[in-house]
Every structure is written in C-alpha cells, then in structure tokens.
Amino acid sequence: MSDDAILSLNGLVIGYNEPLCKPITLEVRPGEIIAILGSSGIGKTTLVRTIAGLVRPLEGDFDLHVERRGGLGYIPQRLGLVRHATVAHNVSLGARLNIPWSRTMFKERKERTYDAIRTLGIEEKASEPVRRLSGGQQRRVATARTLAQRPQLMLADEFLGELDQHNVDIVLGAVQGLVSKGTAVIMVEHHEDNAKEFATRVWEIKDKCFYDMSIEEWEIHSLKGEEE
C-alpha cells in the first residue's frame with residue numbers, strides 16, 4: 001500500500017452467500033471523493049458496509065489506516081440517529097469520538113457541535129427531538145454529526161436522499177469543507193448529477209464487474225454507453 005493511502009482493498013470479494021462482483025483491489029487517498037454507482041441491489045451498500053466492518057468479506061481483505069477512535073465516519077441509509085434525543089445531542093455524539101481528554105474537551109465538543117449545526121443550517125432545530133424533524137432535516141443532522149466528528153474517511157449511504165437541490169448544495173458544501181482538510185469520502189449515490197458535481201472518482205458495479213474510474217473517464221464511458 002502507498003504511504004499516503006488511507007484505505008487499501010486487497011482482492012476484496014463482497015457478498016453474503018454468493019459474490020456480488022469480481023475481486024476489488026485499489027487504494028483510496030486523503031481528499032478523494034468517490035461515488036459508488038450501479039442499479040439497486042447490485043452491491044453498493046454491501047461494499048460500504050464491508051468497509052465499515054459490518055459485513056465480513058467472502059474473500060480478500062482491506063487495510064484501513066485511520067485513527068482507531070473517530071477516524072472512520074459512517075452515515076447509514078437509516079442514519080443511525082437517536083430519535084428521542086435532541087439534534088444537539090445527536091451531533092455531539094460525533095464530536096465526542098476523537099477529542100482526547102483534557103480540561104478544555106467539553107468546550108471543544110460544544111464548539112464542534114454547534115459549528116456543525118450552523119454549517120448545516122439547522123440551528124433553529126438544535127433543541128428539537130430528532131423524531132419531530134422531516135426526513136431531509138434528519139439527513140442534515142446525520143451529516144452534521146459526521147462533520148463534528150471530523151473523520152479521516154467518511155462513508156455515506158445515500159445521504160443525499162430526500163433533499164431538494166438547495167439542501168443538497170448545503171450538505172455537499174459542508175462535506176467539501178471536510179474534504180479540503182484531507183477527509184476522503186466514499187458515497188453510495190443514485191443520482192448521476194450529484195456524482196458529476198461532487199465526485200473526483202467513480203466506482204461502478206455492473207453485471208458483477210467492478211469499474212474504478214476518474215470522473216473524467218466515467219463521463220466518457222457514460223457517453224459511449226448512451227451512443228451504443
């Protein structure tokens with residue numbers, strides 16, 4: 001693995017009883033934004049869940065070079081929020097993950113929490129229980145939680161769902177702030193326009209084959225597919 005890679009997949013085969021695609025070997029470096037594309041049920045979520053350590057690979061392995069506490073951020077499809085707790089409490093759970101013990105840690109946690117809440121434009125909802133929020137607002141809370149965590153690698157499974165274009169722009173702008181500081185992002189995405197706007201790299205799963213392309217290569221590949 002290269003010295004600057006934060007994730008290395010080594011002949012990784014994903015799936016449950018049967019492989020969902022051919023073995024995957026590749027590296028991810030800081031600041032990359034990777035969109036995973038493919039039809040429903042093709043294996044996109046399984047790939048993300050495998051990298052998150054929630055699904056065991058059928059073959060191969062992967063090396064994750066991030067801090068053990070707080071280095072990996074994960075936004076699942078169901079968001080993983082504490083529905084009876086407030087927005088601020090949920091976001092603070094991310095802030096707590098990688099701030100070491102010190103006399104000022106509580107102040108830093110609070111600052112990170114409210115900075116993330118303001119960045120996602122949900123400050124007026126800070127004291128609201130999550131269960132009272134709309135689906136789109138809950139997705140912004142989940143993003144704010146990861147923003148407060150400041151992970152080295154962020155995994156996101158359809159985290160832009162239920163958002164109109166205005167809120168997509170807010171969320172992507174917030175995540176771009178993390179990327180500018182070196183965070184790598186791997187996101188499952190159904191809307192190709194979001195991939196074109198935000199991603200620097202595309203992983204596409206199709207007919208049990210895995211394709212790893214730069215965004216420019218993928219756009220050329222897509223145009224050829226349309227012509228055919």
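Some points to look at:
- Inclusion of Arg68 among residues that are part of a loop (DSSP other than H, G, I, E, B), surrounded by fewer than 17 Cβ atoms within 10 Å (Cβ to Cβ) and modelled with pLDDT of 95 or more is not warranted.
- Applying the criterion of being over 21 Å from the mean Cα position of the chain (by Cα) and of a type in the set (A, V, I, L, M) to the residues of the stretch 82-106, the residue that is modelled with the highest pLDDT is Ala85.
- Where a residue in the stretch 203-218 is closer than 15 Å to Val48 by Cα and its partner, wherever it lies, is of a type in the set (Lys, Arg), with Cβ under 6 Å and at least six apart: Phe210/Lys22
- A search for C-beta distances below 7 Å between a residue of the stretch 117-136 that is within 10 Å of Val87 (Cβ to Cβ) and any residue that is surrounded by fewer than 12 Cβ atoms within 10 Å (Cβ to Cβ) and of a type in the set (Ser, Thr, Tyr), counting only pairs 6+ apart in sequence or on different chains, returns nothing.
- Considering Tyr114, Tyr74, the condition of being among the aromatic types (Phe, Trp, Tyr), touching a residue at least 12 places away in the same chain (Cβ under 8 Å) and in a helix (DSSP H, G or I) is satisfied by Tyr114 alone.
- Members of the stretch 37-65 that are closer than 21 Å to Arg145 by Cβ and surrounded by 15 or more Cβ atoms within 10 Å (Cβ to Cβ): Thr45, Val48, Arg49, Ile51, Ala52, Leu64
- Screening Leu79, Leu7 for residues that are surrounded by 13 or more Cβ atoms within 10 Å (Cβ to Cβ) and modelled with pLDDT under 95 leaves exactly one candidate, Leu79.
The values are calculated or read from the model by the stated rules, or taken from the named source; none is laboratory data. Nothing here was measured: the structure is a model prediction, and the numbers come from that model. Every residue, glycine among them, receives a Cβ derived from its backbone with ideal geometry; neighbour counts consider all protein chains shown.
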